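Below is one structure, written out as structure tokens; the observations come after it.
The values are calculated or read from the model by the stated rules, or taken from the named source; none is laboratory data. In this text, all values refer to a predicted model and were calculated from it rather than measured experimentally. Cβ atoms come from the backbone with ideal geometry, glycine included; neighbour counts cover every protein chain shown. The accessibility values were calculated without ligands, DNA or RNA, using every heavy atom of the protein model including side chains. Shrake-Rupley method; radii C 1.70, N 1.55, O 1.52, S 1.80 Å.
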Amino acid sequence: MTNRDSETPFSARRDRVAGRWGLTDEIVLVRSGPVLPMAGSDMDHSFQPHPDFAYLSGRGIPDAVLAFDSRQTKWQIFGPRSTPEDQVWHQPADPVGLPLDELEGWIALRSDQNVIEAWDDPKIQSGIADERVHKDDWELSSLRTAALTSQSGFDWVYQNVSAGMTEREIQVGMEAEFFRAGAVRTAYPSIVAAGPNGAYLHYFYGQDDSLNPSTRTLQEGELLLIDAGGEFGGYASDVTRTMVVGAEPTDVQSFLWHLVLSAQELAIDRCRPGQEWREVHLDSARIIGSGLIELGLLRGEVDQLVSSGAVALFYPHGLGHLIGLTVHDAGGYPAGREPSSHPQSRYLRTDRVLEAGMITSVEPGVYFIEALLKDPAVRERFAEEVIWEAVDPLRGFGGIRIEDDIHITDDEPEVLSGDIGKPIRIG
Ligand code: GLY
Ligand code: MN
Ligand code: MN
């Protein structure tokens, strides 16, 4: 479509996707999506292109359309044009492809062909997802750079955080380093959770009330769980580290931290082609479950504790998910696989056999989640399996998660975030 295309992977991606679609007589429209207005305001949210559009075009402009004529095997991009009035307020939009107002005429010339909107067609979407799961060199380069931006932020944390700081101070200091290192934005809202807040899997600072955000101060000896990453070139990085701040870890902190780390290391070593991810996940739950038995929090046989959901009380989420243009990337469930209702797997975001070129997070954890542990129905249901008198004193402990981003190769797994330290204690 443009000269730039000959040096970039986008044309090859479009060819591969068209091959997967196998269409002969249709038109497909892949839209970048609109700018979304903020409620009650004349401002807009910052624009994020639909990742399928970004993947196929390499562009991130709003209201653009990538059109595919399957009869001619021809792609055409249409983009908006800035008016002089637009340019009073904003720099001119890059005039990509044909002007958007020519799209209607382009379709009219093909009025005997069916028009498929990619967003509405699961088969078309899965054709794109099946390509997106295998990262090309261009993508790997962005993913590696994204991980480097995260490394700068975590290094700042290791060097600067101490008891007495607020979650907000830590977030701001860390994110500034992501951006200084080249991140365009964070890949998702940063999770900076002190003490008990680490038990909320997706704790976001000021999530529900940005007018009255938490100003929680980190206490000496508390756990600090940070799940954050920079985004570069549209690609995410997704890293979690958990540390005790300002004191030697207690025996329980140390036991659980090393338990999570060993579950993570064993799972990373299995990030190889041919591995069934659901099995790697369930094995990580068995490791966590065995540790909880050893610590005296669970009793019974570990397979039974995994099947009953007793381990899931402390490790409710999945071992990991695909990463790419979105932090929870496309293709987690290929055609023919449905999310499971198994208590240990219902939040598993990926259920497929690993293949070279995929990027997955590996992020086991252990949490003391008040909403689960205080629920009378849960306490009764797990009366035999959970040793409540040992668990109850740990309510308020928070959570421990350790997360890295792994590139599956035909050789050893490449840990994209592997240069980010894993200290058990800082400050
Ligand atoms: N950062 C979100 C997640 O780990 O899934
Ligand atoms: Mn993750
Ligand atoms: Mn994460």
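Only one of (1) under 20 Å from HIS202 (Cα atoms); (2) in contact with a helix residue (DSSP H, G or I) (Cβ under 7 Å, 6 or more places away or on another chain); (3) outside any helix (DSSP H, G or I) fails for PRO316. Which number is that?
With respect to (1) under 20 Å from HIS202 (Cα atoms); (2) in contact with a helix residue (DSSP H, G or I) (Cβ under 7 Å, 6 or more places away or on another chain); (3) outside any helix (DSSP H, G or I), PRO316 is out only on (2).
Considering the stretch 314-364 alone, what residues qualify as being more than 15 Å from ASP130 (Cβ to Cβ), of a type outside the set (Gly, Ala, Ser), open to solvent by 20 Å² or more (accessible area, probe 1.4 Å) and more than 16 Å from ligand 2 (Cβ to nearest atom)?
If the condition is that a residue be more than 15 Å from ASP130 (Cβ to Cβ), of a type outside the set (Gly, Ala, Ser), open to solvent by 20 Å² or more (accessible area, probe 1.4 Å) and more than 16 Å from ligand 2 (Cβ to nearest atom), then GLU338, PRO339, HIS342, PRO343, ARG346 are the ones that fit.
In the stretch 303-329, what residues are more than 16 Å from ligand 3 (Cβ to nearest atom) and under 26 Å from PRO376 (Cβ atoms)?
Of everything in the stretch 303-329, those that are more than 16 Å from ligand 3 (Cβ to nearest atom) and under 26 Å from PRO376 (Cβ atoms) turn out to be GLN304, LEU305, VAL306, SER307, SER308, GLY309, ALA310, VAL311, ALA312, LEU313, PHE314.
How about the stretch 98-110: which of its residues are open to solvent by 40 Å² or more (accessible area, probe 1.4 Å) and touching a Lys or Arg at 6+ places or on another chain (Cβ under 9 Å)?
LEU100, ASP101
From the list ALA93, ALA67, which one is modelled with pLDDT of 95 or more and among the hydrophobic types (A, V, I, L, M, F, W, C)?
Working: ALA93 fails: modelled with pLDDT of 95 or more.
Being modelled with pLDDT of 95 or more and among the hydrophobic types (A, V, I, L, M, F, W, C) holds for just one of ALA93, ALA67, which is ALA67.
When the stretch 223-260 is examined, which residues are found to be in a helix (DSSP H, G or I) and within 16 Å of ligand 3 (Cβ to nearest atom)? Give the derivation first.
If we filter the stretch 223-260 for residues that are in a helix (DSSP H, G or I), which is where we start, we get 251-260.
Passing the criteria: only VAL260.
Among the helices (runs of 4 or more DSSP H) lying completely within the stretch 103-177, list those that include at least 1 residues that are under 30 Å from THR217 (Cβ atoms).
Working: elements: 103-108, 122-132, 137-160.
The qualifying helices (runs of 4 or more DSSP H) are 137-160.
Looking only at residues in the stretch 262-287 that are within 16 Å of ligand 2 (Cβ to nearest atom) and in a helix (DSSP H, G or I), which one is most open to solvent (accessible area, probe 1.4 Å)? So that I can check it myself, show each step before the final result.
Step one: of the stretch 262-287, the residues within 16 Å of ligand 2 (Cβ to nearest atom) are 263-264, 267-268, 271, 277, 280-281, 284.
In the following step, the residues that additionally are in a helix (DSSP H, G or I) were identified as 263-264, 267-268, 277, 280-281, 284.
Values: ALA263: 1, GLN264: 0, ALA267: 5, ILE268: 22, TRP277: 1, VAL280: 2, HIS281: 0, SER284: 3 Å².
Residue satisfying both the conditions and the ranking: ILE268.
Please work out which residue is farthest from the chain's Cα centre (by Cα), limiting yourself to the stretch 310-323 and to residues that are away from ligand 1 (no atom under 15 Å from the Cβ) and without any contact (Cβ under 8 Å) to a residue 40 or more places away in the chain. Show your work before the answer.
Taking the stretch 310-323 and keeping what is away from ligand 1 (no atom under 15 Å from the Cβ), we get 310-314.
Restricting the remaining residues to those that are without any contact (Cβ under 8 Å) to a residue 40 or more places away in the chain gives 311-312.
On the way: VAL311: 23, ALA312: 21 Å.
Ranking the candidates gives VAL311 first.
Given the criterion within 16 Å of ligand 1 (Cβ to nearest atom) and more than 21 Å from THR326 (Cα to Cα), identify the matching residue among ALA146, ALA193, ALA236.
Selected residue: ALA193, the only one of ALA146, ALA193, ALA236 that is within 16 Å of ligand 1 (Cβ to nearest atom) and more than 21 Å from THR326 (Cα to Cα).
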